[in-house]
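Down below is the structure, laid out as structure tokens.
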Amino acid sequence: MICPHCSANLLYKERTGNTCSKCRKSFVLEPKSAPHGLSDVGLRRAVERLTADGRITVTVGQLHYATGRRHLVGGAAPERRGSLGCAIPALLAGLPTLGFALPHPAGAGAVAALAGLALVAIGIRSAVRWTRFKPMKPRELLWSADDFRRSVTDPWQRGYGVLPRGLVTEDSVRPRPPAAPAAAVLCEDRTVRAFLQANAFEERHRVVVVPDPASVPAGLPVVVLHDAGAEGCLSVGRARTALAGHRVLDGGLPPRAVMAQPKALQLRQPDVLPQTMERLRAEGGLGEAELRWLAEGWWSPLAAVPPTALLDAATRAVERLAGAVRAEDDPAEVRRRALAVGFLTWPEQST
């Protein structure tokens, strides 16, 4: 690793005790044990990339996703088919039967040979199918957000006193909504709310950013930002039910954008409940491929969208809402224009 103080390239034996053997100064992160293999220099570089060299402010949660996208655990292989419980008895019965049949090629021996071959074939087929298909497992980041904070940013603040320029904790951000907001941005994700508020999104666009429908001021139109996941997609319907009389626009991350984007972070939770999928189908708006993807438990966090792209997409959503309020377009036209823009491209980004 590179020493953050003297820039010496240190071998592991040259940095014991989190101390550089060249300049004798201590550092915070040991890449062999820190989440996502981060070093002090690596963390600073990651923050520089995320903040576009300091032009925007990002949160610790966004840093967690950005540096962890290459550190995933779990998988998504199809569910196991076949069973060793079937394969073993079939082989144990089939092999002795074949052994009996070989010295007796005629009569009962022929029948036994056929039965033995059938049992062996069943056993082999079941065993092959069992080994080929593994159980579906959740796919998630190796380190949780809480572990990341405890092992990365908390020690950083203790060691250096402050976080790198442009990086803030979610707790440190204070909302600054305008006195007379023109609209509300509803987002259940605390990290995304803090990100928008830290970048003066409320003041610039005359909106108030809220965590739930109950926090929406009376009469304001609403844009809903959400994850690409089953519950995220349902949040728009929940908002419309709770906010009857308000104009509610879906400005969230659509599954189709994630499915088509190799750079998007795709995680997996246990399979979605059938009743959840029934509600998604009933609400409409999702294609069959999107519904299959959601039913398998796939999702992508809104906070994992590259910060500059997320800020641009949130801005476009608010502008669409303002345009929909002003215009007397029919609903089909509003929907057509909404589908034409959104989270459709991810910029190049390394971690």
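The values are calculated or read from the model by the stated rules, or taken from the named source; none is laboratory data. What you are looking at is a predicted structure, and each value in this text was computed from that prediction instead of being measured. Here the Cβ positions follow ideal geometry from the backbone for every residue, glycine too, while neighbour counts run over all protein chains shown. Ligands, DNA and RNA are stripped out before the accessible areas are found, and what is left, the full protein with its side chains, is counted by its heavy atoms. Shrake-Rupley method; radii C 1.70, N 1.55, O 1.52, S 1.80 Å.
For segment 160-207, a residue qualifies if it is within 16 Å of ALA317 (Cα to Cα), surrounded by fewer than 17 Cβ atoms within 10 Å (Cβ to Cβ) and under 20 Å from the mean Cα position of the chain (by Cα), but none of them does. Scanning segment 8-31 for residues that are of a type outside the set (D, E, K, R), surrounded by fewer than 12 Cβ atoms within 10 Å (Cβ to Cβ) and on the phi > 0 side of the Ramachandran plot returns a single hit, GLY17.
Which helices (runs of 4 or more DSSP H) does segment 219-307 wholly contain that include 3 or more residues that are in contact (Cβ under 8 Å) with a residue 60 or more places away in the chain?
On the way: elements: 230-242, 255-259, 274-283, 288-295.
Of the helices (runs of 4 or more DSSP H) lying wholly inside segment 219-307, those with at least 3 residues that are in contact (Cβ under 8 Å) with a residue 60 or more places away in the chain span 230-242.
The single condition from (1) in contact with a Lys or Arg (Cβ under 9 Å, 6 or more places away or on another chain); (2) of a type in the set (D, E, K, R); (3) open to solvent by 70 Å² or more (accessible area, probe 1.4 Å) that ARG292 fails is (1). Just so you know, in segment 258-271 the residues that are under 14 Å from GLY232 (Cα atoms) and among the aliphatic types (A, V, I, L, M) include one that is surrounded by the most Cβ atoms within 10 Å (Cβ to Cβ), and it is VAL258. When you check VAL47 against the structure, is it at pLDDT 95 or above and in contact with a helix residue (DSSP H, G or I) (Cβ under 6 Å, 6 or more places away or on another chain), yes or no? Spelling it out, it is not the case that VAL47 is at pLDDT 95 or above and in contact with a helix residue (DSSP H, G or I) (Cβ under 6 Å, 6 or more places away or on another chain). Screening ALA230 against (1) of a type in the set (A, V, I, L, M); (2) in contact with a helix residue (DSSP H, G or I) (Cβ under 6 Å, 6 or more places away or on another chain); (3) open to solvent by 20 Å² or more (accessible area, probe 1.4 Å) leaves a single unmet condition, (3).
Here GLY54 meets each of (1) assigned to a helix (DSSP H, G or I); (2) open to solvent by less than 40 Å² (accessible area, probe 1.4 Å); (3) at pLDDT 60 or above with one exception, condition (1).
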